[in-house]
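Here the structure is laid out as structure tokens; the discussion comes afterwards.
The values are calculated or read from the model by the stated rules, or taken from the named source; none is laboratory data. This one's a predicted model, so the numbers in the text were calculated from it and none came from an experiment. So basically every Cβ, Gly included, is an ideal-geometry build from the backbone, and we count neighbours across all protein chains shown. Accessible surface areas use protein heavy atoms only, side chains included; no ligands, DNA or RNA. Shrake-Rupley method; radii C 1.70, N 1.55, O 1.52, S 1.80 Å.
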Amino acid sequence: MTKKLIRAFPGFQPDFKLSDKGVIKIGRPFKNIIEPFDSKVEIPDYLSLVDHDFSLGKKEYEKAIAKEEAKLSLLVRRLKELKMSVIIVFQGRDAAGKSGATKRIVEGLDWDWRILGVVPVGAPNEEERNQPYLLRFFEKDRMPGFGEVRVFDRGWPEDVLVVPVMKLASKVHVENSYAEINSMEWLLRRSRSVVVKIWLDITKDEQKKRFDDREADPQKRHKYQESDRIAREKWDDYSMWGNRMMYWNGSEHAPWYLVPANDKRYSRVTCLRTINNAIAEEIKNPFRAI
């Protein structure tokens, strides 16, 4: 994969790493966290490099998911004494399995709402539109205290993904948002939060299959919404802005992790493993990058 990256992007530097489990980690160094947006930069097509052939059988999955859930529980129980917290942000294609991955985190922490919070993020309401965009992520106990975990089902990266795709704000607004988001994530890290951002990626054919399954199943039909149809129509736009988001918002202090998600079992195990590895690394070398 590294050779493929070098061929695809001349001048490629090893700031983007591929694990043996198929996860692409994007966390390039910034000279400063408010590095200005430059429209002339050639953005790597990270999404084209995702290998969607990874899969797990049922027995292998059950063994692996139990192992990772148990590990997550043990790691999180250490956070309070270490004065640390964890923030997990799920982004990705519609129907890629963000809710399923979130459920495995909830189960791994034994549904303990004293330490866990799940924050589904939709469009800002009228009050929130009159405030600085990032403020709403700090209200109503949405950020964790020491010893706590927050899972965002979509988060602040929406401002540089959905907003430009749907043309909900000006070009200047979007370009300025990268620096604002990078600064916020740096401050979260300074406050001893481990920030784990995961993009779940599926192929266009797999997305169509999942949408068709939703429409055909009366119990899942409510999941299929107008936004899903738009996501299909704007697939290429989401790809372009997704790659830009990862390049301009994939930092050493808050990297992006691209997880292949065509196989739900594989993606759920891999999400937990990615989160566990990020927490364990910070416990071992606490916040060395800030």
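Annotations for the structure displayed:
- Comparing 198, 227, 168 along the charge dipole axis of the stretch 134-290, the residue lying farthest to the positive side is 198, per the Cβ-charge model.
- Label positions at residue 106 and residue 281, each projected 7 Å from the Cα along the C-beta direction, are separated by 2.8 nm.
- Contact order for the stretch 49-124, expressed relative to its length and based on alpha carbon pairs under 8 Å spaced 6+ residues apart, stands at 33 percent.
- Amide H partners (placed H, <5 Å) of residue 201, local residues excluded: 259, 261
- Radius of gyration, Dmax [the stretch 85-193; alpha carbons; angstrom]: 14.5, 44
- Carbon and sulfur %, accessible surface of the chain computed with the full protein complex present, 1.4 Å: 50
- Bins of 5 Å, starting at 0 and running to the largest distance - Cα pair percent for the stretch 186-288: 2, 10, 16, 18, 17, 14, 10, 7, 4, 1
- Estimated FRET transfer efficiency (residue 114, residue 220; beta-carbon r; R0 41 Å; 0.05): 0.85
- Ratio of the Cα radius of gyration of the stretch 147-231 to 2.2 N^0.38 Å, where N counts its residues: 1.41
- Using a cut-off of 31 Å between Cα atoms, the listed pairs 31/71; 21/171; 59/208; 98/140 include 31/71; 21/171 as exceeding that distance.
- Dividing the summed -39500 (n - 2.57) terms of all DSSP H runs of n ≥ 4 by the residue count of the chain sets its mean residue ellipticity at 222 nm at -13500 deg cm²/dmol.
- Selected from 144, 89, 37, residue furthest toward positive end of dipole (the stretch 36-159; charges at beta carbon): 144
- Within the chain: Cβ-based charge dipole about Cα centre, in debye rounded to nearest 20 (Lys, Arg +1; Asp, Glu -1): 780
- Gain in span if fully extended, residue 135 to residue 203, counting 0.36 nm per residue against the direct Cα distance: 21.1 nm
- Under the Karplus curve 6.51 cos²θ - 1.76 cosθ + 1.60, θ = phi - 60°, whole-Hz ³J(HN,Hα) for the stretch 24-37, x wherever Gly or Pro sits: 9, 9, 10, x, 6, x, 9, 4, 8, 6, 10, 3, x, 5
- Candidates 29, 218, 144: whichever shows maximal mean-square fluctuation once the chain is modelled as a Gaussian network with Cα springs under 10 Å: 218
- Simple Cβ-charge dipole of the stretch 81-203, Lys/Arg +1 and Asp/Glu -1, about Cα centre, in debye nearest 20: 200
- Whichever aspartates and glutamates have a C-alpha closer than 18 Å to that of residue 234, once near sequence neighbours (fewer than 8 apart) are set aside: 45, 94, 158, 159, 201, 205, 206, 212, 226
- Chain lengthening between residue 39 and residue 228 when straightened (0.36 nm per residue, less Cα-Cα): 65.2 nm
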